[in-house]
Amino acid sequence: MSLAEPAALPVATSAAPRLDVLKRLTTRFKASLPAYLLLLPSLIFLALFTYGAMGRVLVDALYQRATPKAPVRFVGLDNVSAVLADPAFTGAVVNNLIYAVGTAVPSIALALLFALALSRTNAVSSALRAALFLPVLIPMVAASALFMFVFLPNVGLLDYYIGRLLPVLPNWLGDPDIALYAIMVITIWKNAGYYMLFFLAGLQAVPEDVMEAAHLDGAGPYMRLRHIILPELKPTFLFVIVIATLNAVTQVDHVFVMTQGGPSNSTNLVLFYIYQQAVEHYDVGKASAATLLTLAALMSLTALSFRTMANREGGS
């Protein structure tokens, strides 16, 4: 190229790739459009009744209203500070932790035992599965009313049988030392059959050839359970633990029916505390702040569990 000739200008060549990308995105959107249309009703209800409600809770947690007819006042994070400083909330959190551990561990252990015993499908096991699942179908309020008769002092079903063995009959729902453990029984009775379904599904994924090889090698039932079945059920355990924890926080119907949080706040759980703040004390800001703290704890626990599950699947 001589100095007299003008230098050739670079020609823009990015228009064609951009058109290709736009065309691919349009094609993908058209292919996915039926799926989006099928999901649209659920997304609308989620937006209205789940995420919309969460947004309203977030806004209400930043404001305070002295009386039902008084104007709202912006208080920032004061409601969160007030909830964290409230001994009743701390007591409800401690009760809920005891309640979560005391219901999740026995429920999951019973569910695993039920699933192992009924893993082979036949007429008897199918009938027993249905019988164990039956408590799940009973509404919590109805089950609570049923257990009220079981725990009735002196004349209840439990006192009728245990009264012959104990010199002094305990007041199952009136004694602060045992009332929380009494309401745990109904949750264990109701949830064990539900969790059993997850373990039955998990057992279907245990390789039959590995079990047969272990049996031929002389591994007994305990060795097969410890080294084959339980490792294969780890994802099921993680999922059931998340579900059991959520149930321990969100199931509070039996507290309403059986104890109303008493005696002496011994059965006051976090959700019942939120109800008391919102309905009995009409402190919507404090109730919303307690709801946000509960949501944050549950979402953190769920994210941690699913991340652990994803890491395990990625490493396997």
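Which of (1) part of a helix (DSSP H, G or I); (2) within 21 Å of Ser266 (Cβ to Cβ); (3) open to solvent by 40 Å² or more (accessible area, probe 1.4 Å) is the odd one out, the single condition Ala100 does not satisfy?
Going through (1) part of a helix (DSSP H, G or I); (2) within 21 Å of Ser266 (Cβ to Cβ); (3) open to solvent by 40 Å² or more (accessible area, probe 1.4 Å) one by one, Ala100 breaks only (3).
Quick test for you: out of Val105, Val136, pick the one residue that is free of Cβ contacts under 8 Å to residues at least 24 places away in the same chain and within 24 Å of Ile188 (Cα to Cα).
Val105
Conditions tested, residue by residue: (1) open to solvent by less than 70 Å² (accessible area, probe 1.4 Å); (2) not in a helix (DSSP H, G or I).
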position: Leu113; (1), (2): no, no
position: Ser119; (1), (2): yes, yes
position: Phe149; (1), (2): no, no
position: Tyr161; (1), (2): no, no
position: Pro170; (1), (2): yes, yes
position: Asp175; (1), (2): yes, yes
position: Ala182; (1), (2): yes, no
position: Ile188; (1), (2): yes, no
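Val242 is checked against (1) in contact with a Leu (Cβ under 8 Å, 6 or more places away or on another chain); (2) farther than 24 Å from Ser300 by Cβ; (3) surrounded by 16 or more Cβ atoms within 10 Å (Cβ to Cβ) and fails just one. What number does that condition carry?
Answer for Val242: the failing condition is (2).
Open to solvent by 70 Å² or more (accessible area, probe 1.4 Å), among the small types (Gly, Ala, Ser) and within 20 Å of Asn268 (Cβ to Cβ): does that describe Ala85?
Yes; evaluated as a whole, the condition is true for this residue.
Residues in region 77-97: is at least one polar (S, T, N, Q), within 29 Å of Ala182 (Cβ to Cβ) and in contact with a Leu (Cβ under 7 Å, 6 or more places away or on another chain)?
Checking region 77-97: at least one residue is polar (S, T, N, Q), within 29 Å of Ala182 (Cβ to Cβ) and in contact with a Leu (Cβ under 7 Å, 6 or more places away or on another chain).
Scan the helices (runs of 4 or more DSSP H) fully inside region 219-291 and keep the ones with 2 or more residues being within 24 Å of Ala104 (Cβ to Cβ) and of a type in the set (Gly, Ala, Ser).
Hits in region 219-291: 234-250.
Identify the residue in region 105-162 that is touching a Lys or Arg at 6+ places or on another chain (Cβ under 8 Å) and of a type in the set (A, V, I, L, M) and, among all such residues, is farthest from Phe239 (Cα to Cα).
My answer is Ala143.
What's the number of the condition Gly220 fails, among (1) modelled with pLDDT of 90 or more; (2) more than 18 Å from Val150 (Cα to Cα)?
(1) is the only condition that Gly220 fails.
Can you name the residue in region 209-239 that is farther than 30 Å from Asn96 by Cβ and of a type in the set (Val, Ile, Thr) and, of all such residues, is most open to solvent (accessible area, probe 1.4 Å)?
Across region 209-239, the extreme among qualifying residues is Val210.
Scan region 109-142 for residues that are in contact with a helix residue (DSSP H, G or I) (Cβ under 6 Å, 6 or more places away or on another chain) and of a type in the set (A, V, I, L, M) and report the count.
Qualifying residue count, region 109-142: 9.
In region 256-274, which residues are out of contact with any Gly (no Cβ under 6 Å at 6 or more places or on another chain) and hydrophobic (A, V, I, L, M, F, W, C)?
Matches in region 256-274: Phe256, Val257, Met258, Leu269, Val270, Leu271, Ile274.
Report, by residue number, each residue of region 259-310 that is in contact with a Ser or Thr (Cβ under 9 Å, 6 or more places away or on another chain), open to solvent by 20 Å² or more (accessible area, probe 1.4 Å) and not β-branched (Val, Ile, Thr).
Gln260, Leu271, Ala278, Tyr282, Leu298, Leu301
Of the residues that sit in region 60-75 and are surrounded by 12 or more Cβ atoms within 10 Å (Cβ to Cβ) and of a type outside the set (D, E, K, R), which one is farthest from Leu295 (Cα to Cα)?
Within region 60-75, the match that is farthest from Leu295 (Cα to Cα) is Val72.
The values are calculated or read from the model by the stated rules, or taken from the named source; none is laboratory data. The shown structure was predicted, so the numbers you read here are calculated from the model rather than taken from an experiment. All Cβ positions, even for glycine, are placed from backbone atoms using ideal geometry, and neighbour counts span all protein chains on display. Quick note on the areas: whole protein, heavy atoms, side chains included, nothing else; ligands and nucleic acids left out. Shrake-Rupley method; radii C 1.70, N 1.55, O 1.52, S 1.80 Å.
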